[in-house]
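The values are calculated or read from the model by the stated rules, or taken from the named source; none is laboratory data. The model shown is predicted, which means the values in this text are computed figures rather than measured ones. Cβ sites come from the backbone with ideal geometry, for glycine too, and all protein chains shown count toward neighbours. Each accessible area value is taken on the protein alone, full model and side chains, heavy atoms only, with ligands, DNA and RNA left out. Shrake-Rupley method; radii C 1.70, N 1.55, O 1.52, S 1.80 Å.
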Amino acid sequence: MGAQFAIFDRDLKSFQRHIDQLKVYYYDVKGGIPDSSMMQQLLGLYLLSLLAENRLGDFHSEVELMSLDKIEKDQYLSFPVQLERSLMEGSYSKIFIAHKNVPAPSYGYFMELLANTTRIEIAKNISRACPLISADAARKMLFITSEPEFKTFVDQNKWKLAQNGVLNFDTERNLIQDQLLIESDIETDGRQITAADLTALSYQEVAETMLGYAKELEKIV
């Protein structure tokens, strides 16, 4: 019960302490003591918490302690394992879809953390792949549906968002972009299009390609 209360309180350190104590009972104590009815659910929660904290090494170590047959047959254990596979494949959309299909309500908190961890990883790849990208494209890549949520994410990451809706990750080019906004305006279908817009569109294509290459490299490594 302590582990579940820790989740309710959103206390990761307390949850880790309770899991460490439970693992002694689950794995080390012998003598015919029956398994707890909550064992698989709590171990599944622990696996999910490791994913959410990006502790992939610990995740794989814990999975090695479990039988493959048990993982495949148990909904609580198979859920985080399938999520980890999706992450390795770069199938980020499955992470956000899975939020609606958790095996127990207690998994919701760690799914929120995992979604945030996934977005941070995607954001790092986007910023490395290109200096400019449209805000709308970045929002879709991050699987953020609302503008206020995206604005909060942009502010938290201290990204530079220009008035024309272009994100600039290259601080040395900020003055150049601002100058383009003033000097190179074009009117198209009643909407003002700038040279920075056109540059961002090309970088968007590069970003999507580079993100794909990055995930392929991760699989090889």
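The set of residues in the range 92-110 being among the hydrophobic types (A, V, I, L, M, F, W, C) and either assigned to a helix (DSSP H, G or I) or without any contact (Cβ under 8 Å) to a residue 12 or more places away in the chain (or both) consists of I95, F96, I97, A98, F110. Scanning the range 77-97 for residues that are within 22 Å of E62 (Cα to Cα) and open to solvent by 50 Å² or more (accessible area, probe 1.4 Å) gives Q82, R85, M88, E89.
If you go through the range 47-71 and keep only what is open to solvent by 10 Å² or more (accessible area, probe 1.4 Å) and either aromatic (F, W, Y) or touching a strand residue (DSSP E or B) at 6+ places or on another chain (Cβ under 8 Å) (or both), you end up with nothing.
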